[in-house]
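Have a look at the structure below before the remarks.
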Amino acid sequence: MNLYLRYFDKETLVYSVEEAIDFLATIPEIGMSPDLEADIRDYYQSDVFYPKRYKVRPRVYFIIIKTEANTMLDFKEKKALRPADHTQKDIAAPVVARLNQEREGWYEAQLDFKRVVMIPSTGKHEYRDTHFVANVKAISGIDAYNRVVDHLRGRVDGRSQFPSAKGKNFKFRYLGMWK
């Protein structure tokens, strides 16, 4: 694993944490300390691949980025991107697949949305978090979502905000076949 470091127009690609510390030691504004050195070593050893920035003074930082690039040109042209972590997509994909899976019957649909309500004492309106649960006949999870939202749109203020069916504010559960 290599490290890319940049502080204003000073930048380098190094192949070890010692080279990174030597580079930073050449910049007097940074002021290498044992704590900073230990933190850079910890970052290098960790599984974190996000860029790390360190504060030099208010609104002034230097950054360190882990990379697989062997040359500065490869890094600049993004030729050595590490393989994407697909765990987030793998988690989201089954939710979407389950949402579209056709299975006729009763569904329990739970929806958390922002409902616009009037405050009687002031006559003004505000958003209130509202939890709504309904049992609906549907052919899929997305059909249950659409039926609940259509039902609510006709009964609440038009400025109310409904979540995405794919988000965390909509949940559904298959209850069984209708009779």
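The values are calculated or read from the model by the stated rules, or taken from the named source; none is laboratory data. The structure presented is a predicted model; accordingly, all values stated were derived computationally and were not measured. Cβ sites come from the backbone with ideal geometry, for glycine too, and all protein chains shown count toward neighbours. Accessible surface areas use protein heavy atoms only, side chains included; no ligands, DNA or RNA. Shrake-Rupley method; radii C 1.70, N 1.55, O 1.52, S 1.80 Å.
Here are a few things to note about the model shown:
- Mean Cβ neighbour count within 10 Å, used as a protection proxy, ranking 158-166, 133-141 highest first: 133-141, 158-166
- Simple Cβ-charge dipole of the chain, Lys/Arg +1 and Asp/Glu -1, about Cα centre, in debye nearest 20: 1260
- Span-rule helices in the chain, defined as complete DSSP H runs reaching 15 Å or more along the axis (Cα) with Kyte mean at least 0.0: 87-100
- Straightening the chain between residue 70 and residue 8 buys 20.1 nm, computed as 0.36 nm per residue apart minus the Cα-Cα spacing.
- Shown for the chain: the carbon plus sulfur share of the solvent-accessible area, taken with all protein chains present and a 1.4 angstrom probe, equals 51%.
- Couplings 3J(HN,Hα) of region 118-125, computed from phi: 8, 8, x, 5, 10, x, 8, 10 Hz, in residue order, whole Hz [Karplus 6.51 cos²θ - 1.76 cosθ + 1.60, θ = phi - 60°; x for Gly and Pro].
- Using the Cα coordinates of the chain, the gyration tensor eigenvalues translate into equivalent-ellipsoid semi-axes of 53, 24, 13 Å, sorted from longest to shortest.
- Remark: the chain carries 68 Å² of accessible area per residue (probe radius 1.4 Å; ligands, DNA and RNA excluded).
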